Amino acid sequence: MRWLAVKLVNFVIVLVVVTFIVAAIFAGPLTQRQIQAIREQTRQYVMGQLTQPGVGPAFKKQIIQEYINYLKSIGKYKPGMKISDSDAIGWYINKLVEEEIIRRGLNKPWYVVAFRYTKMMLLFEPVNSSSTLQTRGLFHYKPGDRNAYHIIFERVPFSVLLFTTSSTLVLLFAIPLALYAARRPGGLVDNTIIGWSVFSVSMPWWWLAMVFIYFFTQKYRIFPPVTSNFNVHSITNLLAKAALPIITVTVLSVGDSSYRMRNILLDIFNEDFVMVARAKGIPETMVLRKHVLRAAAPPIVTIVLFSLVLSVFSGAIITELIFEWPGMGKLYWDAIEANDVAVLTVLTYLTTLLYLLTRLALDILYTMLDPRIKRA
Amino acid sequence: MLEGLKETTRIMLRTWSGKIGIILLVIEVILALYAVAAYYPAGMRHYEAGKATWGYYYPYTVPPCWAASDKFPGVDLKKADLQSKTMELQKIPDELREIDPDTYKALQEQLGPLLQSGYFSIVYSYYEGEFTIKSSGLPSDVRLLLTIHVPFDLQQQGKVVLLSGWMFIERPDGLVPVIFYQGQIVATSNQSSGEVLIYGNTVQGKLMAETLGNYRNSLWISNTFGSSLKQLYKALGLTANISSSSKLNPSVLFATVKNGKLVGLTGTYKVKIGLYALVNKTVVSQATKELYVDKFELKLMPNCYGFFGTDNYGRPIGLGLLLGLPYAFLLGFTVTFVSTFIGAIYGTLAGYWKDLKGEALMRVADIMLSLPFLPILIAISYAFGTITLKSLALIMIALSWAGPVIVVRSMALQISEQPYIEAAKAVGVPTKKIIFKHIFPQIYPYTMAIAVLSIPGIIVAEASLALLGFGDPSAPTWGKMLQNAYASKAVTAGWWWMYIFPGLALVVFSATFLLIGRALEPIVAPKLQR
């Protein structure tokens, strides 16, 4: 089990460093946003005090006295000079803001701030959204919750529905296609797969999504139209809305997945042990099942699943946006639109975490499927 | 080097993917060079930065001409096409009777005695032009630019008593829609300019009128025009459409109804413009009795454009595709080749140093490889705000240099265990020389194939970033065109040419490099040959 321990330790190290990178990227905007919030709160507090009957005049006197003391301390005060109220109040608010910034440690160098955010993320400390983004009250979340984690977790099932369904479909279609193509290299199916993979790798997925929406909801009204207000009335309604995104993602992934599988299978077909098996006179189906597929399983599972996961984290997050599908990818757009640093930070962190976990899981899976690797 | 390139090309041309790839590449390079030669730098910047100005010359969101069923080629009537005469009258112009008999009568009563007294006269400018429509298609848009020159002297209070004008079109079927008409006689104030600018637009479905100077009240133009359009709709029997004035289409000026459908009315149209002012002869000098059309342009916009159509700013899609090509080359090549070069050297070093140094290098590369590309790219773009193409390229290089490291390292490991490397070490060849003379040259052809294969990913990533609104604001990339299509809701509006073509350009460009890369792979790395 030593290999597993090594992998896990490696995972933790990588996770910490990658989280630090994410934190460093967002340290600037996050800090700015916090300072903005502090300034706003302080202003509201001071103005509230000033307008409060009974407290206001005394408070104002105190502010002006403090301002005069400050001016004296920097030697700019001349007796009898006129002190304007707005100057004094502005100075006082700034003073409180500065104090608060120092108290919260926001004036520290970026790496200190980044370290704090890293700790915050690794420990999953709750963060509130910095805009009007909030939960919609799906699943067991209350509507109006502003916890960034809850906002994100509420979207996860939608992404999972979309991508697990299409992944399953991809594997179902791609394995037979790849087997067929690999046994007849240069044939029609083989060339179709090659062309298809070139086509699907060389375009943004969301572009095909746009084209499909035009063809299948506008020109030929096969699927319900894509609308920006996503209301799910029933399971059938949800499935009708999910159909086109799932089809699009499947169509796009099948090409490249089957191409990769075909390459692996072709390599194995050329291996000596396959040739020997054939020479021994073992029937072709037996060769395929006992020798080729067994050898091909580990790389196929990992490479195909990994390419699928990769695609989820690259093109697919924007595909959701085009389909107005309220998953994590759409949340990226919503957070950018709302200029919500907090949600965007947590979202990037969770996406990265998920990505690393998938890599780890596939790595372990690969090692377990292929006994040769463990010893090495 | 050149020999090697020749040989590689020769072998690549044997496979069909290599053949198609090279043909496409040659075409793309020629087009990109042409784009740079013809449009760099002002023309390229103008496409994005000056997008608001394109609408003056090009129709908005018209489909490609091969997809349009009833083509309308467009009509452009300029001031030079108009016959003009300016005269001094002692009576109310007769043309007014045709447009508005009531006002004509009222004016006759009001001004008749003044004109007969001989101290007053009417300065009257009259313009007439005609054009012929031969196609039964409808114009996509009607634009009118009209600037009336009113001499400063005439505008001095007391010198000009009244000023008025009209414009109408005589259609082949005898109907006479009035484009603008000022029936009320108003005394002009002493403002200095007198320009009228009328600008029609079907996107909003109504005529937008913008008046400057004296005619700051734009309403009289659009009101006249709106009610005139409504009358036309009624005369053509299209009463259902006139309930909401935003649905009135200026194209109906040149249309008739056939089988319940609006089709273009063919024949000769006459455009007539009249301007008149009552002047006091005793005060106004002859030189200033000038009242004329300064600028005039009536444009019936074509309902299709070129092979690719135009977008919602009126920009030709085809031009955008052409201008996006050099940027795609620039970004794709810079990012992939620089990052692959860095990755190749890095991987070679990691493979050559078998001690802790190599291990440390691999840890760093492993961390770089653990960063999900697009989410991190989005995060950085967000933190930066808007980024230029140059900084985007730098960020992409920083994120993707680790791509080839693992493969390169294993190749370097193998090579560095070869006897001739051991021999070189034994003779005391410096490490630098061993790495760059013996190991790296064997590796870099393969990494070049990797670079070529990763160009599509870079182009697609740029497009994705642009879609999210993080594109370079001044570079006309295909991603920006797609973003514009998405932002203008082209999908629901049915403007398919706005996103199909830029997307296809992306696909063809990316496919070129995938095809070349896949044809290259077996040549540069014979072990992978199947």
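The values are calculated or read from the model by the stated rules, or taken from the named source; none is laboratory data. Everything quoted here is computed from the prediction, not taken from an experiment. No Cβ is skipped: glycine too gets one built from the backbone with ideal geometry, and neighbour counts run over all protein chains shown.
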> Looking at (1) of a type in the set (Lys, Arg); (2) loosely packed, with under 15 Cβ neighbours inside 10 Å; (3) assigned to a helix (DSSP H, G or I), which is the one condition that is false for A:Arg221?
Replying inline: (3)
> Is there a residue in the range A:168-185 that is hydroxyl-bearing (Ser, Thr, Tyr), closer than 30 Å to A:Leu331 by Cβ, surrounded by fewer than 19 Cβ atoms within 10 Å (Cβ to Cβ) and more than 9 Å from chain B (Cβ to nearest Cβ)?
Replying inline: yes
>> Checking B:Leu24 against (1) away from chain A (no Cβ under 14 Å); (2) surrounded by 17 or more Cβ atoms within 10 Å (Cβ to Cβ), only one condition comes out false. Which one?
In response: (1)
>> Exactly one of these conditions fails for B:Leu468: (1) within 27 Å of the chain's Cα centre (by Cα); (2) modelled with pLDDT of 90 or more. Give me its number.
In response: (2)
>> Checking B:Gly320 against (1) at positive phi; (2) more than 14 Å from chain A (Cβ to nearest Cβ): exactly one of these is not met. Which one?
In response: (1)
> Considering only the range B:51-76, how many residues are without any contact (Cβ under 8 Å) to a residue 24 or more places away in the chain and hydrophobic (A, V, I, L, M, F, W, C)?
Replying inline: 0
>> When you check B:Tyr382 against the structure, is it assigned to a helix (DSSP H, G or I), within 30 Å of A:Thr348 (Cα to Cα), aromatic (Phe, Trp, Tyr) and modelled with pLDDT of 90 or more, yes or no?
In response: no
> Which numbered condition trips up A:Tyr141, out of (1) in contact with a Ser or Thr (Cβ under 6 Å, 6 or more places away or on another chain); (2) away from every other protein chain (no Cβ under 14 Å); (3) assigned to a helix (DSSP H, G or I)?
Replying inline: (3)
> Which condition does B:Met368 not pass, out of (1) closer than 28 Å to B:Lys480 by Cβ; (2) within 14 Å of chain A (Cβ to nearest Cβ), if it passes all the others?
Replying inline: (1)
> Taking the stated definitions as given, is A:Tyr149 more than 20 Å from the chain's Cα centre (by Cα), over 13 Å from A:Ser253 (Cα atoms) and not charged (D, E, K, R)?
Replying inline: no
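Confirm whether B:Thr86 is of a type in the set (S, T, N, Q), more than 21 Å from the chain's Cα centre (by Cα) and either assigned to a loop (DSSP other than H, G, I, E, B) or within 30 Å of B:Phe308 (Cβ to Cβ) (or both).
no
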> Taking the range B:450-500 as the region of interest, how many residues are closer than 22 Å to B:Thr61 by Cα, in contact with a Pro (Cβ under 7 Å, 6 or more places away or on another chain) and either facing chain A (nearest Cβ under 7 Å) or assigned to a loop (DSSP other than H, G, I, E, B) (or both)?
Replying inline: 2
> Looking at the range A:12-39, which of its residues are loosely packed, with under 15 Cβ neighbours inside 10 Å and either in contact with a Gly (Cβ under 8 Å, 6 or more places away or on another chain) or more than 23 Å from A:Pro109 (Cα to Cα) (or both)?
Replying inline: A:Val12, A:Ile13
> Identify, please: which residue in the range A:332-352 is surrounded by fewer than 22 Cβ atoms within 10 Å (Cβ to Cβ) and more than 10 Å from chain B (Cβ to nearest Cβ) and is, among those, farthest from B:Asp366 (Cα to Cα)?
Replying inline: A:Ala338
> Would you say B:Ala511 is more than 7 Å from chain A (Cβ to nearest Cβ), at negative phi and assigned to a helix (DSSP H, G or I)?
Replying inline: no
